[in-house]
């Protein structure tokens, strides 16, 4: 059939390209041309095909039936059983068994409206969009062919051969394979990882994401990552966090906090900085809080078996708090395998009313409580008494044994010096100053019970009113009570270091970590006898 111009404007006119038959039925379909057999229309750059159609010249519209097909350029085709098309508004409404194909993207639904003026297709009763990588399902959706951008709402599901994404609202680009998360979204890698976010960008092809608003990355092994902003690369197992970072390990019962941090899943290590804090909750009776300018953490495998242990390294301004132990230093290492703290560079630690300082200190935890401290190089132990008096012990090496949060025994070796105030029924009787190669002090109820010296010992007992000026302090004495952390939040306080007279600044050297705990100290029978 010849070309018939229909309509009133060249810009909005629908043309009938061909049809096998044309008829009229004014009684049943007034103003309609009834077309059958190989029907084809043209409107602007679009061609419309069908088996039969009703064409309405006055309204510049048509209704097409059976094997409906719309072809627009060489990149877009749409199919359906029924088409309602308005040439003035340029809106095509396709119904039943609808497919829209654009490049490598296919949209299927039962009801699709395609606005050719805005170049926008949308469905409202359930639909599916498939591209070369993903399949997306939702109750409502729209697709813009020129930009390949799609928006999905209500019961959204994105299926990938590696993960499943579910959300209530999602923006997705079929060209770039980028998903924009604009509402509560869950991404699940079966048996591996779950990503929870309400706002972010997820590249479904590279599995790289940038997540905002306190998003979370959860792993099946109990590790999780939470932060204000998270950059996460699933394929290489890398996460970077800015703002209120929380890296938790439920298996190890520990959480790493900070304002910025990075984690590497492949070899299980990472770090945090900016108010960095490690909280170890493995002992419910005494949580451990470790703060430093930067905290490094790593999981190390045991040589035997599949289990792991954690190592934490703190660099600069380290502060540690437990109910039974507090410590400050410039660098520290915590080894979970041995429950061992190693403190370096001007370390000071406190247990009960005892202060111990040295060039380096090791602290052993046994059964959830401080068990032993080992100090090396310029060691000093101080206990405060009333009236600003102090019991003091100094030497090159020092070992303190602690039970039930109380000092029970203190071994000092290498030019061991002691200044202590013996008492008689609670009354101080003088100041005892001794020098020995080695000395062992035994304590009960926070008092010195008895002392064991080597045979070559010199000492003097000064009455309280005859203590020579300056003889009540050992060389290098200092009392750093102002530096002591008093609670979990106090680890973030940074008081000025207490001056240490006569003691040069030691070098930070990290010795090899012990692999076994030393045996418990021998038991001594209590006695009121004191040896001087």
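The values are calculated or read from the model by the stated rules, or taken from the named source; none is laboratory data. Worth saying up front: this structure is predicted, and the values here are computed from it rather than measured. All Cβ positions, glycine included, derive from the backbone under ideal geometry; neighbour counts span all protein chains shown.
Would you tally the residues in segment 124-149 being farther than 16 Å from residue 111 by Cα and over 31 Å from the mean Cα position of the chain (by Cα)? Lay out the reasoning, then the answer.
Going residue by residue through segment 124-149, those that are farther than 16 Å from residue 111 by Cα are 130-136, 144-149.
Add one more test, that the residue is over 31 Å from the mean Cα position of the chain (by Cα), and what stays is 130-132, 144-149.
Residues that pass the stated criteria total 9.
If you go through segment 430-452 one residue at a time, how many are at pLDDT 85 or above and not in a strand (DSSP E or B)?
Number of matching residues: 1.
Which residue pairs have Cβ atoms closer than 7 Å, lie 6 or more positions apart in sequence or on different chains, and pair a first residue in segment 461-486 that is on the phi > 0 side of the Ramachandran plot with a second residue that is surrounded by 13 or more Cβ atoms within 10 Å (Cβ to Cβ) and in a loop (DSSP other than H, G, I, E, B)?
476/500; 476/503
If we scan segment 36-43, do we find a residue that is assigned to a strand (DSSP E or B) and under 55 Å from the mean Cα position of the chain (by Cα)?
No, there is no match, as no residue in segment 36-43 is assigned to a strand (DSSP E or B) and under 55 Å from the mean Cα position of the chain (by Cα).
Taking only pairs six or more apart or across chains, which ones have beta-carbon atoms under 7 Å, a first residue in segment 248-262 that is touching a residue at least 12 places away in the same chain (Cβ under 8 Å) and on the phi > 0 side of the Ramachandran plot, and a second residue that is surrounded by fewer than 21 Cβ atoms within 10 Å (Cβ to Cβ) and in a loop (DSSP other than H, G, I, E, B)?
Every condition considered, the pairs that remain are 253/281; 253/282.
Could you check segment 209-226 and list, in sequence order, the residues that are in contact (Cβ under 8 Å) with a residue 24 or more places away in the chain and more than 17 Å from residue 190 (Cα to Cα)?
Initially, segment 209-226 is screened for residues in contact (Cβ under 8 Å) with a residue 24 or more places away in the chain, giving 209, 211, 214, 217-225.
Once the filter is applied, which keeps residues that are in contact (Cβ under 8 Å) with a residue 24 or more places away in the chain and more than 17 Å from residue 190 (Cα to Cα), segment 209-226 yields 209, 211, 214, 225.
Within segment 236-249, which residues are surrounded by fewer than 18 Cβ atoms within 10 Å (Cβ to Cβ) and touching a strand residue (DSSP E or B) at 6+ places or on another chain (Cβ under 8 Å)?
Looking only at segment 236-249, we keep the residues that are surrounded by fewer than 18 Cβ atoms within 10 Å (Cβ to Cβ), and these are 236-238, 242-244.
The answer is 237, 238, 242, 243, 244.
Mind listing whichever residues of segment 355-380 are part of a loop (DSSP other than H, G, I, E, B) and modelled with pLDDT of 90 or more?
Initial filter on segment 355-380 (part of a loop (DSSP other than H, G, I, E, B)): 358-359, 367-368.
Hits for segment 355-380 are 358, 359.
Residue by residue through segment 44-67, note down the ones that are in a loop (DSSP other than H, G, I, E, B), on the phi < 0 side of the Ramachandran plot and crowded, with 16+ Cβ neighbours inside 10 Å.
Answer for segment 44-67, where residues must be in a loop (DSSP other than H, G, I, E, B), on the phi < 0 side of the Ramachandran plot and crowded, with 16+ Cβ neighbours inside 10 Å: just 57.
When you check residue 35 against the structure, is it crowded, with 16+ Cβ neighbours inside 10 Å and either under 20 Å from residue 116 (Cα atoms) or modelled with pLDDT of 95 or more (or both), yes or no? Reasoning before the result, please.
Numbers: crowded, with 16+ Cβ neighbours inside 10 Å: yes; either under 20 Å from residue 116 (Cα atoms) or modelled with pLDDT of 95 or more (or both): no.
In short, no.
So if I check each of 403, 455, which one is within 45 Å of the chain's Cα centre (by Cα) and modelled with pLDDT under 85?
Criteria check complete, one pass: 403.
Any residue at all in segment 428-447 that is surrounded by fewer than 18 Cβ atoms within 10 Å (Cβ to Cβ), farther than 29 Å from residue 291 by Cβ and in contact (Cβ under 8 Å) with a residue 60 or more places away in the chain?
Yes, there is a match, as at least one residue in segment 428-447 is surrounded by fewer than 18 Cβ atoms within 10 Å (Cβ to Cβ), farther than 29 Å from residue 291 by Cβ and in contact (Cβ under 8 Å) with a residue 60 or more places away in the chain.
Mind telling me which of the residues 409, 319, 372 ends up being crowded, with 19+ Cβ neighbours inside 10 Å and touching a helix residue (DSSP H, G or I) at 6+ places or on another chain (Cβ under 7 Å)?
Residue meeting the stated conditions: 319.
List the strands (runs of 3 or more DSSP E) inside segment 98-204, counting only whole elements, that have at least 3 residues being out of contact with any strand residue (DSSP E or B) (no Cβ under 7 Å at 6 or more places or on another chain), modelled with pLDDT under 95 and crowded, with 16+ Cβ neighbours inside 10 Å.
By residue number, no strands (runs of 3 or more DSSP E) qualify.
Could you tell me whether segment 399-422 includes any residue that is over 30 Å from residue 366 (Cβ atoms) and not in a strand (DSSP E or B)?
Looking for residues that are over 30 Å from residue 366 (Cβ atoms) and not in a strand (DSSP E or B), one finds at least one in segment 399-422, hence yes.
In this structure, is residue 461 part of a strand (DSSP E or B), exposed (fewer than 15 other Cβ atoms within 10 Å of the Cβ) and at pLDDT 85 or above?
yes
Taking segment 263-283, which residues are on the phi > 0 side of the Ramachandran plot and over 13 Å from the mean Cα position of the chain (by Cα)?
If the condition is that a residue be on the phi > 0 side of the Ramachandran plot and over 13 Å from the mean Cα position of the chain (by Cα), then 274, 275 are the ones that fit.
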